[in-house]
1. Kindly work out what percent of the DSSP beta bridges joining two residues of the chain are antiparallel, to the nearest 5.
2. Sorted from fewest to most neighbouring beta carbons within 10 Å, what does the list 60, 95, 108 look like?
3. Please rank 55, 81, 94, fewest neighbouring Cβ atoms within 10 Å first, as an exposure proxy.
4. So what is the 222 nm mean residue ellipticity for the chain from helices alone, if each DSSP H run of at least 4 adds -39500 (n - 2.57) and you divide by all residues, rounding to the nearest 500 deg cm²/dmol?
5. I need the per residue convex hull volume for region 50-147, using only the alpha carbons, in cubic angstrom as a whole number.
6. Nearest 10 degrees, 0 to 90: what angle lies between the long axis of helix 121-131 and the longest principal axis of the chain (Cα atoms)?
7. Could you tell me the center-to-center distance, by alpha carbons, between region 1-32 and region 80-148 in angstrom?
């Protein structure tokens with residue numbers, strides 16, 4: 001980090017603190033050349049990953065789109081938005097840890113199923129019914145027997 005006073009490259013961190021909303025880190029620094037003290041604010045880069053759709057097109061991952069899908073299958077269930085947000089936080093963390101720049105839409109669907117199952121089984125079944133595109137009731141029942 002360059003000193004804003006003298007331009008020297010040798011600075012050290014005196015103190016670091018996360019912001020209340022954890023979107024940036026505030027650092028108190030001192031220049032080792034001129035002893036000038038200054039503060040920097042370092043923001044984490046935005047979470048950007050591309051979703052590879054079934055038709056081969058690509059689009060940027062949308063947390064809002066995942067939220068809307070989960071919210072729809074949770075209708076008339078006693079599930080708060082903050083619980084859905086927590087599920088999406090887990091999905092995003094899983095994506096960050098296991099995928100670099102791209103993820104298939106089918107993999108996102110599987111992650112939604114994974115985390116939704118622990119939140120609410122009825123919502124899980126609703127999501128699976130649409131996501132898995134069952135051809136008939138027999139296939140749907142076989143899936144349910146396998147999962148439960």
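Since every read-out is calculated from the coordinates, none of them should be taken as a lab result. Please read these numbers as outputs of a predicted model, since none were measured by experiment. Positions of Cβ are generated from backbone atoms using ideal geometry, with glycine treated the same way; all protein chains shown enter the neighbour counts.
1. Values: 17 of 20 bridges.
Roughly 85 percent of the DSSP beta bridges within the chain come out antiparallel.
2. Values: 60 11, 95 18, 108 22.
In order of increasing Cβ crowding within 10 Å: 60, 95, 108.
3. Details: 55 6, 81 11, 94 16.
So the ranking, lowest neighbour count to highest, is 55, 81, 94.
4. On the way: 5 runs with 66 residues, N = 148.
Calculated mean residue ellipticity at 222 nm is -14000 deg cm²/dmol.
5. Details: hull volume 10.0 nm³, N = 98.
Expressed per residue, the convex hull around the Cα atoms of region 50-147 is 103 Å³.
6. So the inclination is approximately 80 degrees.
7. Using only Cα atoms, the two centres lie 42 Å from each other.
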